[in-house]
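All of the numbers you see were taken from the coordinates with simple rules; none came from a lab. It should be emphasised that the depicted structure is a prediction, and the values quoted were computed from it without experimental measurement. Please note: Cβ atoms are built from the backbone with ideal geometry, for glycine as well, and neighbour counts cover all protein chains shown.
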């Protein structure tokens with residue numbers, strides 16, 4: 001693990017800041033343009049979820065550099081209301097805000113590893129990894 | 001007692017000014033103002049210290065500070081020059097007063113501190129307000145300018161209009177896009193609208209959602225919306241996200257979109273070169289005869 005940096009999400013424009021930083025880090029690690037777009041889109045979804053549902057939170061980036069594998073880990077965490085039914089939000093087309101309902105399932109398809117930890121009333125943490133191949 | 005302190009400072013202004021100038025000059029070596037010429041720096045320092053003393057004398061004569069701050073803002077001097085200067089003034093004045101008095105007990109000390117703060121703080125506050133006011137002004141002006149550019153609609157041909165989108169789309173801009181799009185379609189009697197997203201860096205579910213809504217609204221008022229400028233990587237992320245864009249036509253480039261827009265309005269682009277060739281052939285054949 002090389003470095004870690006975080007972006008606080010408070011306003012809508014912080015989403016842009018988060019994905020720009022994420023894209024820069026992805027570029028530095030050596031991801032191609034398609035994967036950069038995937039990573040930026042995933043960050044955009046995660047950061048927007050924080051902004052929409054929790055209000056405030058942060059998105060952290062971590063470059064993974066092992067001998068065997070290189071990749072980017074993104075952790076989005078908030079102290080919002082939490083997700084009531086995680087399996088429900090992972091279904092395509094489920095949305096409580098009138099959106100497309102493709103956010104979290106979409107992020108899962110965009111990234112390689114995907115993990116949600118959510119406790120009601122305490123907050124949500126989404127950890128995703130994209131491996132460089 | 002209070003009047004005394006002020007008198008001490010005003011009567012010995014020459015000494016204090018000298019000390020202050022030395023202090024500011026000391027600060028200068030390792031800092032932002034190093035690119036400013038010596039003459040300008042010196043004259044600005046003199047002016048600054050005059051402003052400080054007049055405000056001290058008149059106790060709240062704000063016009064001088066205002067004018068001075070405004071000029072520095074226009075010249076692009078950093079705010080830290082002013083705050084550093086005021087802090088230097090505070091240090092110098094306190095040192096000077098304490099150095100002058102023979103007996104220094106705690107009460108006197110705190111009185112001096114309080115009094116000098118009373119002089120310095122309002123000036124700092126006002127300077128900071130002037131600066132932040134000017135920044136806020138600039139930011140709001142830029143916001144307006146950006147908003148004017150954010151959703152342009154270009155009528156390129158009769159019944160065909162183009163909306164090129166460049167940069168990030170947030171909720172506010174998405175609303176503006178929808179409004180301009182619908183207004184423009186009615187105003188220009190457009191049958192086909194091309195939305196070009198070549199310049200949109202990231203298409204996430206929110207952006208896609210707004211585009212789908214806009215296209216649906218355009219369909220409701222009887223026109224066709226074609227989404228163009230979908231870059232390969234954006235196409236892949238849209239597929240990964242599982243967004244359904246099949247309800248309206250999409251094209252990879254503005255050129256292709258424009259061609260199908262012409263087709264939809266029963267027109268096509270014809271090469272003028274071929275006509276020339278025909279005429280040449282005609283002339284040739286005439287020559288031969």
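Give me the distance between the Cα centres of region B:207-229 and region B:49-111, rounded to whole Å. Computed from Cα coordinates, the inter-centre distance equals 61 Å. With 0.36 nm allotted per residue and the present C-alpha distance subtracted, the residue B:47-residue B:103 stretch has 16.8 nm of extension available. Centre-to-centre, using Cα atoms only, region A:22-54 and region A:57-133 are separated by 11 Å.
Semi-axis lengths, largest first, of the ellipsoid equivalent to region B:154-269 are 22, 16, 12 Å, with √(5λ) applied to each eigenvalue of the Cα gyration tensor. Sorting B:215-228, B:127-140, A:36-49, A:101-114 by their mean Cβ neighbour count within 10 Å, with the most densely packed peptide first, gives A:36-49, A:101-114, B:215-228, B:127-140. So how tilted is helix B:205-220 from the main axis of chain B? Cα-based, degrees 0 to 90, rounded to 10. The answer is roughly 50 degrees. Where only DSSP H runs of four or more residues are counted, chain B gives -23500 deg cm²/dmol as its mean residue ellipticity at 222 nm, each run worth -39500 (n - 2.57). Across region B:2-147, Cα pairs under 8 Å and at least six residues apart give a relative contact order of 31 percent. Taken residue by residue and averaged, Cβ atoms of other chains lying within 10 Å of the Cβ of A:33-39 number 5. For the peptides A:115-123, B:18-26, the ranking by packing is B:18-26, A:115-123, with the highest mean count of neighbouring Cβ atoms within 10 Å listed first.
Please report, in whole Å³, the volume per residue of the convex hull around the C-alpha atoms of region B:89-128.
52 Å³
Mean per-residue shielding of peptide B:89-100 is 0, counting Cβ atoms of other chains within 10 Å of each Cβ.
Overall, the anisotropy analysis places region B:37-146 in the prolate class: the square-rooted eigenvalues a ≥ b ≥ c of its C-alpha gyration tensor yield a/c not less than 1.5, with a/b exceeding b/c. First check a/c for region A:74-133, with a ≥ b ≥ c the square roots of the eigenvalues of its C-alpha gyration tensor; if it is under 1.5, answer rounded, and if not, answer prolate when a/b is larger than b/c or oblate otherwise. Judged from the Cα gyration tensor, region A:74-133 comes out oblate (a/c at least 1.5, b/c at or above a/b).
On the beta carbon distance between residue B:66 and residue A:24, with R0 = 51 Å, the FRET formula returns roughly 0.75. Let's test the formula: R0 of 41 Å, r as the Cβ-Cβ distance of residue B:139 and residue A:33. What FRET efficiency results, to the nearest 0.05? That gives a FRET efficiency of 0.80. Placing pseudo-labels 7 Å out from each Cα toward the beta carbon at residue B:91 and residue A:11 gives an inter-label distance of 3.4 nm.
Remark: mean inter-chain Cβ contacts per residue of B:234-240 equal 6, using a 10 Å Cβ-Cβ cutoff to other protein chain atoms. So if the hydrodynamic radius of the protein assembly as shown is defined as the Kirkwood radius over C-alpha pairs, what does Stokes-Einstein give as its diffusion coefficient at 4 °C and 1.567 mPa s, in µm² per second? This corresponds to a translational diffusion coefficient of 48 µm²/s.
Label sites at residue B:176 and residue B:256, each approximated as a point 7 angstrom past Cα along Cα to Cβ, lie 3.0 nm apart. Would you look at the GNM of chain B, springs on alpha carbons closer than 10 Å, and say which of B:121, B:38, B:191 moves the most? With Cα springs under 10 Å in chain B, the top fluctuation among B:121, B:38, B:191 is at B:38. Here chain A is described by how far its Cα atoms reach on the three principal axes: 40, 27, 23 Å, from widest to narrowest. The angle between the Cα long axis of helix B:254-264 and the longest principal axis of the Cα atoms of chain B comes to about 40 degrees, rounded to the nearest 10.
Projecting label points 7 angstrom from Cα along Cα→Cβ for residue B:37 and residue B:279 puts them 6.4 nm apart. Taking the helices alone, chain A has a mean residue ellipticity at 222 nm of -11000 deg cm²/dmol, built from -39,500 (n - 2.57) per DSSP H run of at least 4 residues and averaged over all its residues.
Note: relative contact order over chain B, using C-alpha pairs below 8 Å and six or more positions apart, is 12 percent.
Peptides B:172-182, B:145-155, B:100-110 ranked from most to least packed by the mean count of surrounding Cβ atoms within 10 Å: B:172-182, B:145-155, B:100-110. In terms of its alpha-carbon gyration tensor, chain B comes out prolate; a/c meets the 1.5 threshold, and the first ratio a/b outweighs b/c.
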